[in-house]
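All remarks here apply to the structure that follows.
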Amino acid sequence: MSDINSRIQRVIAESGLTKTAFAAKLNVSQQHVSRLSSYGAPSERTIVDICDKFGVNETWLRTGEGPMCKEVSEEEALSEFFGRMLKEDVPYRNEIILCLSRMSPEGWKAVGDKILEIAEEIKKNRIEEE
């Protein structure tokens with residue numbers, strides 16, 4: 001297995017997708033993805049598609065140098081997220097977005113505070129489990 005194959009394997013693992021779902025996002029077969037994650041040499045097009053669809057730094061994928069993920073601004077991340085959410089059929093998407101759009105600054109602060117509280121509780125539970 002070459003280094004690029006092991007890096008592709010890592011992208012698949014960190015995507016949280018099955019090889020079949022990963023392949024579907026790239027418009028290739030599951031068998032092709034299996035080859036790429038073990039011994040096959042990816043085409044230029046496949047490398048570009050992996051980087052574009054999974055936010056992977058192309059230099060890292062090709063050479064192993066630099067961070068695995070592309071560095072994106074907050075605005076770029078939000079734009080990509082909302083673009084994806086508007087394309088996909090997500091249950092309650094419209095209702096949630098409309099509810100958020102009606103929130104006051106105080107409401108946003110309350111939501112942020114609650115998220116931080118939940119995150120701290122999760123962190124505390126993980127520490128206790130170790």
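The values are calculated or read from the model by the stated rules, or taken from the named source; none is laboratory data. Remember, predicted model here, so these are calculated numbers, not experimental data. No Cβ is skipped: glycine too gets one built from the backbone with ideal geometry, and neighbour counts run over all protein chains shown. Ligands, DNA and RNA are stripped out before the accessible areas are found, and what is left, the full protein with its side chains, is counted by its heavy atoms. Shrake-Rupley method; radii C 1.70, N 1.55, O 1.52, S 1.80 Å.
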Scope the range 1-50; condition small (Gly, Ala, Ser) and under 21 Å from LYS87 (Cβ atoms); matching residues: SER15, GLY16, ALA21, ALA23, ALA24
Residue that is nearest to the chain's Cα centre (by Cα) [pool: residues in the range 37-70 that are open to solvent by 80 Å² or more (accessible area, probe 1.4 Å) and in contact (Cβ under 8 Å) with a residue 12 or more places away in the chain]: LYS53
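Rundown of residues vs (1) part of a loop (DSSP other than H, G, I, E, B); (2) of a type in the set (A, V, I, L, M, F, W, C); (3) under 21 Å from ALA13 (Cβ atoms), yes/no style:
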position: VAL28; (1), (2), (3): yes, yes, yes
position: SER34; (1), (2), (3): no, no, yes
position: ILE47; (1), (2), (3): no, yes, yes
position: TRP60; (1), (2), (3): no, yes, yes
position: GLY66; (1), (2), (3): yes, no, yes
position: ALA77; (1), (2), (3): no, yes, no
position: GLY83; (1), (2), (3): no, no, no
position: GLU95; (1), (2), (3): no, no, no
position: CYS99; (1), (2), (3): no, yes, no
Test for ILE97: is it aliphatic (A, V, I, L, M) and at pLDDT 95 or above: no
Checklist (1) part of a helix (DSSP H, G or I); (2) open to solvent by 50 Å² or more (accessible area, probe 1.4 Å) applied to GLY107, failing item: (2)
